[in-house]
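Here the structure is laid out as structure tokens; the discussion comes afterwards.
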Amino acid sequence: MRDSLFELAPVTEPQRQYYFIENAASLIKLREAELLHPMTFHVTTFGCQMNAKDSEKMTGILTEMGLREVGDEYGADIVLYNTCTIRDNANQKFYGHLGTLNGKSHRNSDRIVAVCGCMMQEPDCVEKLKKSYGFVNIIFGTHNIYKLAELICRHLTGESHVIDIWDKPEEIVEDIPTVRKYPFKSGVNIMYGCNNYCTYCIVPYVRGNERSRDAGEIIKECEKLASEGVKEVMLLGQNVNSYGNGIEGSLSFPELLKEVEKVEGIERIRFMTSHPKDLSDELIQVMKASNKICRHIHLPLQSGSTRILKAMNRRYTKEQYLELAAKIRSELPDVAITTDIIVGFPGETTEDIDDTIDVIRKVRYDGAFTFIYSPRTGTPAASMDGRQSKEWIKAEFDRVLNAVQEESKAMAVRFMGNTESVLVEDVNEQDESLMTGRMSNNLMVHFPGEHSLIGKIVNVKLTECKGFYYMGEMV
Ligand code: SF4
């Protein structure tokens, strides 16, 4: 039976995966008859919005196979981990989950454990799983997440340990079943991978080089999302500004934005992540002319020191970054700018941190993610000398964080008294009578309202600034 199952499989995708989804569903039925209960699954996602989008696809595939999603990570019949390896603490967090899962094996001794994502593109991590976590049945990477049904078929037809990791990506496969976390907003991949090779970053090694999706497929997906009631899309890429680079006749990113803007039903467009060396004047003008593109730009700085930026291979200087940020602030006065900053990069000195704080004070970010440098095996920076002591890094990290918080708190008040359009996302966690929503500039606001407002865009007058969020009233 097994041989014919794989011999008869179509070669082209996604037909091949729909074939395996169908066959997996039959194999699941057989297994349910043995287990005497309908099978369930649970997906744990670590890391970024790209991973979250991949998990929505894997949730779609498992649901299409007839499985039911449950919130119980340790009791489910299929337990799937989508890993991240951007910093070491992400790896440790995942091993923590595996350890707990193993400790709770009595909860479901028949479970199938599958692991995928960026960490699995690192050979050392795969070896560690094989050696220390033998109960993991299926291991795959970032380039073949759409093959989940095929891998489960391999396991259910006798392969106790399935390992399928690709060194590099193949074709971009469209039309994979997807179950979205939010009915009113959705991430939309516009490209995969990255060509920038910042010296501290593992992404190009685990997600491969840049591949841009066909613009027609992106628009088709946005139209489908709009028909399903989605109001807001987040265009996703490691470096969205290089969308279409190197593809004959492709739209550029600003041109793609203009096409997404035409999709009826989509009322808000966000995008992440931009690279300062590629963010164009054309993009700023397209945002200026748009009433759908949200007033938020995430513009990672990483360091304010030109010397460190060079060592990071970021390919812009402190001055170029400041000039770009000033241009954005003057052309788009209501825009919120957020950023990423790394502290503790090899060779960094107090003067370099002073430069970083100088940029923070000049750009006046609305928010920032600040990280302590984490060496990633295989990246150039991991073998660079000049790491400072933990104490020095901690003290400088606090200096940077303090500057960020001071500036973003001061900047937040500038919207006080405004009436802003807000996408209502949820009930307030602390107070059921309050709704929580997000403004175009990405700031959160809480205001009295009905649960039925979730997914709607409403106007809210901002009545009180609470530092990093607002209180308001619907108008
Ligand atoms: S731009 Fe740099 S930091 Fe961002 S994903 Fe690419 S290599 Fe990593």
(message) Could you work out how much longer the chain between HIS161 and GLU450 gets when fully extended? Use 0.36 nm per residue separation minus the Cα distance between them, nm to one decimal.
(response) 99.1 nm
(message) At 7 Å along Cα-to-Cβ for each site, give me the label-to-label distance between ILE372 and GLU391 in nm.
(response) 1.4 nm
(message) Between LEU434 and ALA410, how high is the FRET efficiency from 1/(1 + (r/R0)^6) when r is the Cβ-Cβ distance and R₀ = 22 Å? Nearest 0.05.
(response) 0.30
(request) Kindly report the accessible area of segment 416-474 per residue (heavy atoms of protein chains, probe 1.4 Å, no ligands, DNA or RNA), in Å². (result) 48 Å²
(request) Quick one: which residues, 5 or more positions from ALA336 or on another chain, have an amide H under 5 Å from its amide H? H modelled 1.01 Å from N in the peptide plane, none for Pro or chain starts. (result) HIS296, ILE297
(request) Over 25 Å between C-alpha atoms is what I'm after, so list which of LYS185/LYS288; LYS231/LYS318; LYS292/LYS466 land there. (result) LYS231/LYS318; LYS292/LYS466
(message) Quick check: Cα centre of segment 211-266 to Cα centre of segment 93-139, how many Å?
(response) 35 Å
(message) Per residue of segment 435-441, what does 6.51 cos²θ - 1.76 cosθ + 1.60 with θ = phi - 60° give for ³J(HN,Hα)? Whole Hz please, x for Gly and Pro, Karplus curve as stated.
(response) 9, 10, x, 10, 7, 4, 7
(request) Count the DSSP beta bridges whose two residues both fall in segment 187-413, then state the antiparallel fraction as a percent rounded to the nearest 5. (result) 10 percent
(message) What number comes out for accessible area per residue over segment 2-164 if the probe is 1.4 Å? Units Å², please.
(response) 41 Å²
(request) For segment 187-413, report the accessible area per residue in Å² (1.4 Å probe, heavy atoms, rounded to an integer). (result) 40 Å²
(request) Treat each spin label as a single point 7 Å out from the Cα along the C-beta direction, and report the TYR197 to LYS466 distance in nm. (result) 4.7 nm
(request) With no solvent and one equal point scatterer placed on each C-alpha of segment 123-168, evaluate the Debye formula and give log10 I(q)/I(0) for q = 0.21 Å⁻¹, two decimals. (result) -0.72
(message) For a quick check: with amide H placed at 1.01 Å from N, whose amide H comes under 5 Å from ARG213's, ignoring anything fewer than 5 positions away on the same chain?
(response) MET191, TYR192
(request) Go ahead and estimate [θ] at 222 nm for the chain from helices alone: -39,500 (n - 2.57) per DSSP H run with n ≥ 4, summed, over the residue count, rounded to 500. (result) -11000 deg cm²/dmol
(request) Just need the relative contact order of the chain here, percent rounded to a whole number, with Cα pairs under 8 Å and 6+ apart. (result) 10 percent
(request) Any chance you could run the full-extension gain for ASN402 through GLU217? It's 0.36 nm times the residue separation minus the Cα-Cα distance, nm to one decimal. (result) 62.2 nm
(message) Given the options LEU256, GLY304, TYR200, identify the residue whose Cα lies farthest towards the positive end of the charge dipole of segment 196-306 (+1 on Cβ of Lys, Arg; -1 on Cβ of Asp, Glu).
(response) GLY304
(request) Please name whichever of VAL413, HIS446, PRO380 sits farthest to the positive end of the charge dipole of segment 356-475, dipole taken about the Cα centre and charges placed at Cβ: Lys and Arg +1, Asp and Glu -1. (result) PRO380
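Under 17 Å between C-alpha atoms is the cut-off here; go through segment 2-164 and count lysine pairs that meet it, provided they're at least eight residues apart or on different chains.
Close lysine pairs under the 17 Å cut-off: 4.
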(request) Place a +1 charge on the Cβ of each Lys and Arg in the chain and a -1 charge on the Cβ of each Asp and Glu, then give the dipole magnitude about the Cα centre in debye, rounded to the nearest 20. (result) 640 debye
(message) Which residue, HIS155, VAL335, TYR74, has the largest displacement toward the positive end of the dipole of the chain when charges sit on each Cβ (Lys, Arg +1; Asp, Glu -1)?
(response) VAL335
(message) Charges at C-beta only: +1 for Lys and Arg, -1 for Asp and Glu. How large is the resulting dipole of segment 49-146 about its Cα centre, in Debye rounded to 20?
(response) 200 debye
(request) Using θ = phi - 60° and the Karplus relation 6.51 cos²θ - 1.76 cosθ + 1.60, list the HN-Hα couplings for segment 346-363 in order, rounded to whole Hz, with x at every Gly or Pro. (result) x, x, 5, 10, 4, 5, 5, 5, 4, 5, 4, 5, 4, 5, 4, 5, 7, 7
(request) Could you tell me the distance between the Cα centroids of segment 300-328 and segment 429-475, to the nearest Å? (result) 35 Å
(request) For the chain, with all protein chains present and a 1.4 Å probe, just round the carbon and sulfur fraction of the accessible area to a whole percent. (result) 51 percent
(request) Counting only DSSP beta bridges with both residues in the chain, tell me the antiparallel percent, nearest 5. (result) 35 percent
(request) Filter the GluC sites (Glu not before Pro) in segment 226-257 down to the DSSP loop ones having no more than 12 other Cβ atoms within 10 Å, then list what survives. (result) GLU228, GLU248
(request) Would you kindly state how much longer the chain becomes between THR44 and GLN285 on full extension, computed as 0.36 nm times their sequence separation minus their alpha carbon distance, in nm to one decimal? (result) 82.8 nm
(request) Would you list which aspartates and glutamates come within 16 Å of LYS168, measuring only between C-alpha atoms, while excluding same-chain residues fewer than 8 positions from it? (result) GLU122, GLU210
(message) Give me a comma-separated list of calculated 3J(HN,Hα) values for segment 218-225, in order, Karplus coefficients 6.51, -1.76, 1.60 applied at θ = phi - 60°, integers in Hz, x for any Gly or Pro.
(response) 5, 5, 4, 5, 5, 5, 5, 4
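The values are calculated or read from the model by the stated rules, or taken from the named source; none is laboratory data. Values in this document were obtained by computation on a predicted structure and should not be read as measured data. We place every Cβ from the backbone using ideal geometry, glycine too, and count neighbours over all the protein chains shown. In case anyone asks, the SASA skips ligands and DNA or RNA and just uses the protein heavy atoms, side chains included. Shrake-Rupley method; radii C 1.70, N 1.55, O 1.52, S 1.80 Å.
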